[in-house]
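S.K.: Next up is a structure, given as structure tokens.
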Amino acid sequence: MGIAENLQRIRAELPSHVTLVAVSKTRPAAEVREALAAGQLAFGENYAQELRDKADEVGAGPEWHFIGSLQRNKVKYVVGRARLVHDVDSLALAEEIGKRSGATPTGILLGVNMGEAQKSGVPAGQVLDLAEAVVRVPGVELRGLMTIPPPTEDPEGAAPYFAELAALAARGRAAGLPLHELSMGMSHDWQVAVRHGATLVRVGSAIFGARAPKAPPTT
Ligand SMILES: *Cc1c(COP(=O)(O)O)cnc(C)c1O
């Protein structure tokens, strides 16, 4: 199936308050334009230079989201191009984004580490303290939380992690923190994430197809 059909199928099931972020990493600018022509506005990239290059190549139209873990020395490629940085995991990174953003604040989400096996993100027990600090950083606008749950074969296996992220954000909001956005859910489990309150889902292969197809068997 083509990109337009895939988008249509997902949109038919997606509640209108949830933003579909089409993850276009490794995909050429031409495919971004194809999705754009099919009415898709938000695109996600997880490498800073790739976001810079693709955003500049595609030009006006898309709204870019940076969804990968960001090194401080690469913030310069992302600020001014990305509308939302999904996976901020330290005060120092938030400060660097704020410094580079200047008078036009960049929206950020804090990436939460929900499982022992995860490499990135802030431990769930520390994220509200980090949010209290980040909310005071000039040049960034804290908007919510993001997570990538440990991989499970059954999409429902992600449900407890999504529920925990939603509960964390609710606790933060009760304490006055602006944690309104929940970025959770990917191609195989976005429906589960939506049921648990996702406001942004990050979907790549279900739109653009598999990224690294296995080589055909050679006999
Ligand atoms: C690649 C990626 C996605 C999309 O993954 P799919 O399984 O292709 O939908 C979502 N979120 C992050 C952080 C990613 O790196």
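What follows is calculated from the coordinates using simple rules that are stated; it is not laboratory data. Treat the numbers as computed from the prediction; the structure is a model and nothing was measured. Reconstructed Cβ throughout: ideal geometry from the backbone, glycine too, with neighbour counts over all protein chains shown.
S.K.: Can you quote the Å³ per residue value for the convex hull of the Cα atoms in region 76-193, rounded to an integer?
M.R.: 104 Å³
S.K.: Given the peptides 153-163, 7-17, 21-31, arrange them by the average over their residues of other C-beta atoms within 10 Å, most packed first. Each step should come with its number before you reach the end.
M.R.: Details: 153-163: 15.9, 7-17: 12.7, 21-31: 19.5.
The packing order, highest mean first, is 21-31, 153-163, 7-17.
S.K.: Right, another one. Mind putting a number on the dipole of the chain about its Cα centre? Charges go on the C-beta only, +1 for Lys and Arg and -1 for Asp and Glu, and I need it in Debye to the nearest 20. List each step's numbers first, then the result.
M.R.: Working: 23 positive and 24 negative charges, 96 e Å.
Value, rounded to 20: 460 debye.
S.K.: Moving to a separate point now. Using θ = phi - 60° and the Karplus relation 6.51 cos²θ - 1.76 cosθ + 1.60, list the HN-Hα couplings for region 145-154 in order, rounded to whole Hz, with x at every Gly or Pro.
M.R.: Going residue by residue, I get 10, 9, 8, 10, x, x, x, 9, 5, 7 Hz, with x marking Gly and Pro.
S.K.: Can you give the relative contact order of region 13-125 as a percent, counting alpha carbon pairs under 8 Å and 6+ residues apart? Mind dumping the intermediate values first?
M.R.: Values: 175 pairs, mean separation 20.5, N = 113.
Dividing the mean separation by the residue count of region 13-125 yields 18 percent.
S.K.: Report the dimensions of the chain along its three principal axes from the alpha-carbon atoms, largest first, rounded to Å.
M.R.: 55, 39, 38
S.K.: Related question: If you wrap region 141-219's Cα atoms in a convex hull and average its projection over all directions, what's the area in nm²? Don't jump to the answer; show the numbers that get you there.
M.R.: Details: hull surface 26.6 nm².
Average of the hull's projected areas for region 141-219 equals 6.6 nm².
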